[in-house]
Amino acid sequence: MDGVGEPARISAESTRARSANGSAAKVPPALAAVEEEFNRRLDAELESLDVNFGHIIRSAPLKHYSTDKFGFDRLYVKDKYKITQDHQLVDSAASNVVRSVEGLLSLTRELKESLILNDFKNLNRNVRTRWEVLSAQRDANSATLGEMKADLDVVIAELEKAAAHSHCNHVVDST
């Protein structure tokens, strides 16, 4: 395979979760099977890309220099038949490249969905963090509203006192 797909391969050891004390946790067999299926598909798509890009690159030159049996360099130009064959090969290889890339995009989408749907620990942590932030905001808002209510009670009491004092002065002046 030329090692093209090997760096992208996910090993079972690299995907094992670490517990609090640092020891590796056992990967459930179902997850290992899913991981192997993803690895198999990844290897197949990368192999297809490698082979098809190779076909495209090898068919690109229209002429090449070669040494004949007498030791002379000769320029060889592709004839129309060979050009037509290469054109067909490039068309086929290009459609296979597109199919492989679509397969890789599908694999990426499935990995994202799997991560989103099966990563309960991370989801719960995110929900808990969001809940804590909202609770802190609620508590801060409640404290602010309590302060505003106390300030409003003081203002209302002062207004009532001023209104009562004004009413008493008005009654005394009218007599």
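Potential lengthening of the chain between residue 51 and residue 33 amounts to 3.8 nm, from the contour at 0.36 nm per residue minus the alpha-carbon distance. In order along the stretch 83-99, the phi-based Karplus estimate (6.51 cos²θ - 1.76 cosθ + 1.60, θ = phi - 60°) of 3J(HN,Hα) comes to 5, 5, 4, 5, 4, 5, 5, 5, 4, 5, 5, 5, 5, 5, 5, 4, 4 Hz; Gly and Pro are listed as x.
Efficiency by 1/(1 + (r/R0)^6): what FRET value for residue 159 and residue 136, r their Cβ-Cβ distance, R0 = 45 Å, to the nearest 0.05? Mind showing how you got there, number by number?
Working: r = 35 Å, r/R0 = 0.77.
Efficiency, rounded to the nearest 0.05: 0.85.
Surface composition of the stretch 45-175: carbon plus sulfur atoms contribute 62% of the solvent-accessible area (1.4 Å probe, protein chains only, all chains present). For the stretch 64-167, the Stokes-Einstein estimate of translational diffusion at 20 °C and a viscosity of 1.002 mPa s comes to 93 µm²/s, using the Kirkwood hydrodynamic radius over alpha-carbon pairs.
Solvent exposure of the stretch 114-168, expressed per residue, is 90 Å² of accessible area, with all protein chains present and a 1.4 angstrom probe. Averaging Cα coordinates gives a centre for the stretch 97-146 and one for the stretch 30-80; these two points are 42 Å apart.
The values are calculated or read from the model by the stated rules, or taken from the named source; none is laboratory data. Owing to the predicted nature of the structure, the values given are computational and were not obtained by experimental measurement. Virtual Cβ from ideal backbone geometry, glycine too; neighbours counted across all protein chains shown. All accessible areas refer to the heavy atoms of the entire protein, side chains included, with ligands and DNA or RNA removed. Shrake-Rupley method; radii C 1.70, N 1.55, O 1.52, S 1.80 Å.
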